[in-house]
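Written below as structure tokens is the structure these notes are about.
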Amino acid sequence: MDYDGLYEDLQRILEDLVEKNRRAPIIVEGKRDERALRALGVAGDIRPINRGTSLFSVCEDLARDHREVIILTDWDVRGGRLARQLRDGLAANGVRYDDDLRARLTAVCRKEISDVESLDRFVARTAAMVEGRDRSKPSKRWYAGQVQRWGLRKARGKG
């Protein structure tokens, strides 16, 4: 895997996200998604939609305050369904939406992660790969660590 290219793509997408967030709020599914984006340096308005109100109510609230929003739901089946419903609700209220960043993240991250809440850890992991600390797959590193721990326990007579 080309971690250098992947990291550059992620950095470009995140820079675009921060820039667009200065003008438009980001709609995410929940608080964990918001925390992940904050950890990545997104400082603007982020609105979780899972607040106990209907999706159309969320769209109406956004229409009162904004002319444009950024849709950044997860790229799993449920997130795709929510994105479609948000597009419909926002369009019905006359609000422009940007779901291009979601599509770009989906294309870059699809094989590794499927949700926004994992994005900060994925970026950190990719940065570590680029810095050359460890180019093995995370699952292989985990397994190697487990084997090492098992060996230590066995050597101590606890295994």
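For region 3-155, the residue among 25, 94, 5 whose Cα projects farthest onto the positive side of the dipole built from Cβ charges is 5. In this structure, the amide hydrogen of residue 47, modeled 1.01 Å from its nitrogen in the peptide plane, lies closer than 5 angstrom to those of 26, 27, 28, counting only residues at least 5 positions away or on a different chain. Can you check what the net charge comes to around residue 29, using other residues whose Cβ is under 13 Å from the Cβ of residue 29 (Lys, Arg +1; Asp, Glu -1)? Here the count lands on +2.
Using the Cβ-Cβ distance between residue 77 and residue 2 with R0 set to 30 Å, the FRET efficiency from 1/(1 + (r/R0)^6) comes to roughly 0.60.
Dividing the convex hull volume of the alpha carbon atoms of region 3-155 by its residue count gives 124 Å³ per residue. Simple point charges give the picture: +1 on the Cβ of Lys and Arg, -1 on the Cβ of Asp and Glu, and for region 7-89 a dipole about the Cα centre of about 240 debye.
Packing here is the average count of other Cβ atoms within 10 Å per residue, and on that basis the peptides 17-27, 49-59, highest first, run 17-27, 49-59.
Charge tally for residue 89 (other residues, Cβ to Cβ under 14 Å; Lys, Arg +1; Asp, Glu -1): +2. Note on region 1-40 and region 83-98: Cα centroid distance 21 Å, given to the nearest whole angstrom.
Since every read-out is calculated from the coordinates, none of them should be taken as a lab result. Just so it is clear, the model here is predicted, and its values are computed rather than measured. Cβ: placed from backbone, ideal geometry, glycine included. Neighbour counts: every protein chain shown.
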